[in-house]
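Please treat every number below as a calculation from the coordinates, not as lab data. Everything quoted here is computed from the prediction, not taken from an experiment. In this analysis, Cβ positions are derived from the backbone assuming ideal geometry, glycine residues included, and neighbour counts consider all displayed protein chains.
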Amino acid sequence: MITVVRMLARGRSRRERARGRLMAAGAAFATVLLCAAAHLTALRLDARRGALGVLTEKEPRLMVALTLALLAVPAAAFIYQVSRLATATRERRLAALRLAGATPREVRLTGAAESGWSALAGGSLGAAAYLLAALVARWSLGDVVPVRPLLWTPVVLAAVVLGGALSGLRAGRHVVASPLGVVRRARPRGPRARDLALVALGVALLAAALTGKGRFFLGGKYGAVVAIAAGAVLLLFGLVLATALLIRMAARRAGRGTSAPETLLAARMVEADPRAWARALSVVGLTVFFGSAVGAQQALTVFQSDLTAFQVASYALLYLALLTAMVTSAGALVAHQAEALLDHRRSFTVLAASGVPVPALGRVLTRQALVAALPVCVVSAVAGAGVVVLLLAELYARRPGALAVSVAGAAAMAGIGVLAAVLVARAARPILRRWVRPEELRTG
Amino acid sequence: MLEARTLRKSFGRTTALDGASVEIGEGEVVAVTGPSGSGKSTLLHCLAGIIRPEAGEVLFAGRRLDTLDEDARTRLRRENFGVVFQFGELVPELTAEENVVLPLLFGGRGRRESLQAARSWLERLDVADCAGQRPAELSGGQLQRVAVARALAAEPRVIFADEPTGALDSLAGERVMGELVGAARESRATLVVVTHDNRVAAYADREIALRDGRVVAGATAATGGTAAGTPGEAAAGGVSR
């Protein structure tokens, strides 16, 4: 298997090499984040209080570690999205492997091994960089930085490689390569109304716990806290699951009754494959959700004049984490945009040959991003801010003006999410101009 | 209406057109024939302003087309030309009706007017039942008739068809050709069909034969004459307007 993967790696196309490099970059980033999170939990900083700001206290340190671990989620989404780049070339190669005598299982495993190989390369680089940084920190700070947590590095690396291999396995699950060299894409399941079940359950739990005035019908006061936490988590995961459904509904609505051809084309293209957009936008949605929730919590402290340095540092770190998550999500959007352009290249070329100006096709890309990102970001912002406002309703009642600040914060987060998607689409216009070549439509 | 003078065009080391010259009159139905690689599609793409020749001139209604910039050629194509491709090349995400509507909307027509025109053309070409279906749900013949409707809906002055029956069986191919030629004659549009199939060429008033990038027969109406056994006139009854 390894020999086959190495042979295939040597003959990869330029786009496939780009996919490998991007996957490796994502794996390196995820490894550094997870290693840092693991190490942070074991720091012994009490003796040198004040040397590293908020990290000297155990609880904030654990929060920072958790945030770093959570930042691995957008990195994982980036790897997953990137693993779908250049799928046409990949599918042709899979079909060729079947012709060469490989079983369907071997073909799938080869795909997984290729992705795992890229993750291993990137992960090793990330782990090496982290070990170097940790040793430098140990040299400069002494015993404060313990050596034992570095033993977690191989475990983290193994997890990253496993994640990479699984993403490769999942990316090829809709592809059926027959011995005749025919590659058939089994029709992926479309989004269904039942994808909203988790959202409904989360909202129901939150509503039951919040209307019970601090008590829940199961477990009383303790039950209410559990119900609120469970409701928030269910709502969050439910929103991710329901993203495809939400995008399809919004696209259908946008396509119906429009007289702008760019919007019609954009809406129908999004409606035809809402899952691809959902994959690319789910982390953007999560970032907007957390950002709006943080904003709603901070809205209560805006009017406070006695903010401690610790609070300011915590907020700064949170926003840094959100910015990192948004940038990583934008990377996933870039990968999606490249794949979508490849998918629609032929249609765009035919339209250009028929007299549709290329700038109009560029507007189709922008409107696709708008149609898909707007509902996801708005719903995420409303949900994120809404949960916090409902939880802290009593404090909100005492601070008039906080609600307006919270709404403004949520609107800003939604705007940033939509803007990220639109900017990525706009950045793809020069590529569209290069790729749309009507002369390639010649038949003889 | 359309004229090409000593066109030259190469793709890498391969010479596609090597001094090809043709004249096509208004309302004429012309078949461009020749073996694979003879430059048929390249000639069609030069005439349609899709690609620019390296040398020579292309004139449409007396106006140089090859010297226009990309924007001007795009506008010209949108306002005056309709194109039918070998595999229909409909946008897979749109329904048949939306595929026909799209170029009309891009041409600046209103949604209602565009929808009316699209429905009317789909009815004429006997694919009104497929209006709500997507290309993947259509048969090859239906798909190509929708493509014909898309090319004709904007009422172009010239229709270019690149192997329009190349992906169809003979029965479906004859039907598509009959309707394409019939609709072109009714709307007095010029039709330029690239084909290597003699049965398709027989629909034309004239056959322009290409070999190795040069026109070897039928460059002008005077040298071409009417193709033998033209079924085009009979086929004109296939579509009623």
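Between the residues B:20, B:116, A:146, the greatest Cα displacement towards the positive end of the dipole of the protein assembly as shown, with unit charges on the Cβ of Lys, Arg, Asp and Glu, is found for A:146.
Once the Cα atoms are used to define both axes, helix A:104-141 deviates from the longest principal axis of chain A by about 40 degrees.
Given their separation in residues at 0.36 nm each and the Cα-Cα distance between them, residue B:57 and residue B:13 gain 13.7 nm when the chain is fully extended.
Find out how many positive minus negative residues lie around residue A:78, taking Lys and Arg as positive, Asp and Glu as negative, among other residues whose Cβ is under 14 Å from that of residue A:78. Result for the neighbourhood of residue A:78: +3.
Fewest-first ordering of A:144, B:127 by other beta carbons within 10 Å of each residue's beta carbon gives A:144, B:127. Amide H to amide H distances under 5 Å link residue B:32 with B:193, B:194, B:195, B:208, where only residues 5 or more positions off or on other chains count and H is placed in the peptide plane. What separates the Cα centres of the range A:312-383 and the range B:1-78 is a distance of 38 Å. Take the Cβ atoms of residue A:207 and residue B:170, set R0 to 60 Å, and the FRET efficiency comes out at 0.35.
Sorting B:60, A:78 from the fewest to the most surrounding beta carbons within 10 angstrom yields B:60, A:78. Against chain B, whose longest principal axis comes from its Cα atoms, helix B:170-186 is set at around 80 degrees. The label point for residue A:151 and the one for residue A:308, both projected 7 Å from the Cα toward the Cβ, are 3.5 nm apart.
Computed over chain B, the per-residue total of -39500 (n - 2.57) for DSSP H runs of n ≥ 4 gives a 222 nm mean residue ellipticity of -10500 deg cm²/dmol, rounded to 500.
For the pair residue B:188 and residue A:13, label points projected 7 Å from Cα toward Cβ lie 4.8 nm apart.
Close amide H contacts of residue A:83 (hydrogens built in the peptide plane, cut-off under 5 Å, sequence separation of 5 or more or a different chain): none are found. In a reduced charge model with +1 at each Lys and Arg Cβ and -1 at each Asp and Glu Cβ, chain A shows a dipole moment near 1540 debye about its Cα centre.
The ellipsoid equivalent to the alpha-carbon distribution of the range A:243-441 has semi-axes of 39, 17, 12 angstrom, derived from the gyration tensor eigenvalues as √(5λ) and listed largest first. Rounded to the nearest 20, the Cβ-based charge dipole of chain B about its Cα centre (Lys and Arg +1, Asp and Glu -1) stands at 440 debye.
Listed by Cβ neighbour count within 10 Å, with the fewest neighbours leading, B:112, B:124 appear as B:112, B:124. Among beta bridges from DSSP that stay inside the protein assembly as shown, the antiparallel ones total about 55%.
Per-residue ellipticity at 222 nm computed for chain A from its helices equals -26500 deg cm²/dmol, with DSSP H segments shorter than 4 residues left out and the rest contributing -39,500 (n - 2.57). Once the Cβ-Cβ distance of residue B:113 and residue A:301 is raised to the sixth power relative to R0 = 60 Å, the FRET efficiency obtained is 0.55. The angle separating the long axis of helix B:70-80 from the principal Cα axis of greatest extent in chain B is about 60 degrees. Using 0.36 nm per residue and subtracting the Cα-Cα separation, the extra length available between residue A:399 and residue A:139 on full extension is 88.7 nm. Taking θ as phi - 60° and the Karplus parameters 6.51, -1.76 and 1.60, the scalar couplings of the range B:15-28 work out to 8, 8, 10, 10, x, 6, 10, 9, 10, 10, x, 5, x, 7 Hz in sequence order, x denoting glycine and proline. Between residue A:66 and residue B:79, the simple spin-label model (points 7 angstrom out along Cα→Cβ) gives 6.5 nm. For the pair the range B:108-159 / the range A:252-304, the C-alpha centres are spaced 33 Å from each other. The amide H of residue A:102, built 1.01 Å from its N in the peptide plane, has no neighbour under 5 Å, considering only residues 5 or more places off or on other chains.
Projected over every direction and averaged, the convex hull enclosing the alpha-carbon atoms of chain B yields 12.3 nm². The shape of the protein assembly as shown can be summarised by an equivalent ellipsoid whose semi-axes, obtained from the alpha carbon gyration tensor, come to 59, 29, 22 Å from longest to shortest.
The slack between residue B:128 and residue B:69, meaning 0.36 nm per residue of separation minus the straight C-alpha distance, is 17.4 nm. Scalar couplings 3J(HN,Hα) for the range B:147-161, obtained by applying the Karplus form with A = 6.51, B = -1.76, C = 1.60 to θ = phi - 60°, are 4, 5, 4, 4, 5, 8, 4, 7, 6, x, 7, 10, 10, 10, 10 Hz; x denotes Gly and Pro. Only one residue of A:318, A:137, A:13 has its Cα farthest out toward the positive end of the dipole of the protein assembly as shown, where Lys and Arg carry +1 and Asp and Glu -1 on Cβ, and that residue is A:137.
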